[in-house]
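What follows is a short report on a single structure.
The values are calculated or read from the model by the stated rules, or taken from the named source; none is laboratory data. Note that the structure is predicted; figures quoted are calculated from it, not measured. Cβ atoms come from the backbone with ideal geometry, glycine included; neighbour counts cover every protein chain shown.
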């Protein structure tokens, strides 16, 4: 499944340990946009949580 550039950016920064507020500020998005991007990834890929999403992205070579 293809991820958007925004979703990949959010996952990459999450993997680096950034919190939602830091990701939003760093990318120029609202915190809600960051949360929506993550929610979209987890629901489409049937993942359980943020950690699962980051682990999936790492294993799949996305980030």
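Observations, loosely collected:
- Of the criteria (1) surrounded by fewer than 18 Cβ atoms within 10 Å (Cβ to Cβ); (2) at pLDDT 95 or above, which one residue 11 fails: (1)
- The range 45-63 residues that are free of Cβ contacts under 8 Å to residues at least 24 places away in the same chain and at negative phi, paired with ones that are surrounded by 14 or more Cβ atoms within 10 Å (Cβ to Cβ) and assigned to a loop (DSSP other than H, G, I, E, B) (beta carbon under 9 Å, 6 or more apart): 52/45; 55/47; 56/45; 56/47; 56/62
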